[in-house]
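Structure first, commentary second.
No lab work stands behind these numbers, since they all come straight from the coordinates. The structure presented is a predicted model; accordingly, all values stated were derived computationally and were not measured. With ideal geometry, Cβ positions are generated from the backbone for all residues, glycine too; neighbour counts draw on all protein chains shown.
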Ligand code: PEP
Ligand code: MG
């Protein structure tokens, strides 16, 4: 038995075979072939397989998100069998005797350059397609499985780290738990694991060896412990713990349908954070009052090209109509920082968390923003929508974003397309600038939602992605909590409601503090709804408010 210690970032115990995430190799081997015919046949087989995979993906996309989504993969299919593309590869292999990997790589680069140089935006976008298709073919040629998991049974997935774009594309039915060498508890991969309710452990370093693949492993996402080849006593202990957790969840089930009300009658709304329309099922299963944060960028991360207005409209409409009449707050695109998307072709930055991200991208590239806003407003006719903008620092940004909303509403009116005229507009408070300016910002919007993951990062000047910062990244820091109080006071003075949608919202150690501050809504991962409801229902705010607020503002604080 081998015991490995990491950091638990999503609770629960899970057991299964260990499986290492497969990622396409990036190093290219170049060599001259002796038998060009055999090499050409090798390429043709890989090409055929790629076309087959793309067909399957198109069907899956059609079933899950409609024709528009399937078209992306069908375009890739056409690209894979494009005659010019194929003939260029053939010449490289059969005339220049290059190996298939080199031929595909060179042809992809040549075609991508050619497309990128065209004036027409449609053809420019094909540059990303040709690269994507070629990467798929290269993956098949080098024997690497695209999509990460090639196993018939569910596994405990191990990886050095996982990018959000990789995590969203995984087949969730195949994953019992995650283990990563690196990572951080505030990273989007950890957040996704919590949303999916899958136990996850990060930061195990180099303790996991490739030769462990396939061996039995038990992960405890609460303690951060990984046990390989458990002995009988350990297996029994951990399975017992798992059974107790299941029992506890069953007890929590009794809280379904009960109000989120303290013993002295103060109410708070408990909503959920989601990343895709499929998450709505767990939101409902956990009896949440609404959706407080739909991270819309995960739709973009799941696509190989800019998602069209119709594609987005279908996704938003599905969430809104499935949740109706409950409220759904959809956050506009928040990419940049750790959520990078190839087809956006964003220049590489030294400090991406401080760079071109979220609302900044939307304001700089209004055509992308407009497409999303049109999809959102069109979908608003099917439920109760709120729209919020991420990464705000200034009042002018909000005014500009609102102006875009107005323009979109005018367009839809002219086109005779129905939408809800009263969609609430809000902003995320996740920069110290937004918190400090909250008195002014409150005059512009209907609600604030505090993104404490970023608010902690920016207030404490502490990278949320860096696990080594340990105790320096402290979301309980009074600087963060004082800002939350200030924001809430400013909001309430202006008739604006306030939520918390960062991970801190589910931290039961702070529930009494949030209630004392007067937070109106807490938006958490679906599995956190019922434990949070339990905590709220056991609290008497009047008994702790004075002490907690006094502590928070005390001049004795020295941290
Ligand atoms: C946050 O910053 O707290 C937040 C909710 O947004 P994200 O984690 O997606 O940056
Ligand atoms: Mg954020």
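Quick look at the values:
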read-out	value
Spherically averaged projected area in nm², based on the convex hull that wraps the Cα atoms of the stretch 391-538	10.4
Fraction of antiparallel bridges per DSSP, the chain only, in percent to nearest 5	30
Ascending count of other beta-carbon atoms within 10 Å, so fewest first, for 378, 215, 237	215, 237, 378
Angle in degrees between helix 366-379 and the longest Cα principal axis of the chain, rounded to the nearest 10	60
Overall form of the chain per C-alpha gyration tensor (a/c, 1.5; a/b vs b/c)	oblate
Relative contact order (%) - criterion: Cα under 8 Å, at least six apart; region: the chain	15
Relative contact order of the stretch 405-559, pairs being alpha-carbon contacts under 8 Å that are 6 or more residues apart, as %	20
Tilt relative to the chain, helix 232-252 - C-alpha long axis, 0 to 90 degrees, to 10	60
Mean separation of Cα contacts under 8 Å (6+ apart) over length of the stretch 270-352, as relative contact order %	32
Mean residue ellipticity (222 nm) of the chain, computed from DSSP H runs ≥ 4 via -39,500 (n - 2.57), nearest 500	-14000 deg cm²/dmol
On Cα atoms only, tilt of 67-80 relative to the major axis of the chain in degrees	30
At 1.567 mPa s and 4 °C, Stokes D of the stretch 396-437 from Kirkwood alpha-carbon radius, µm² per second	107
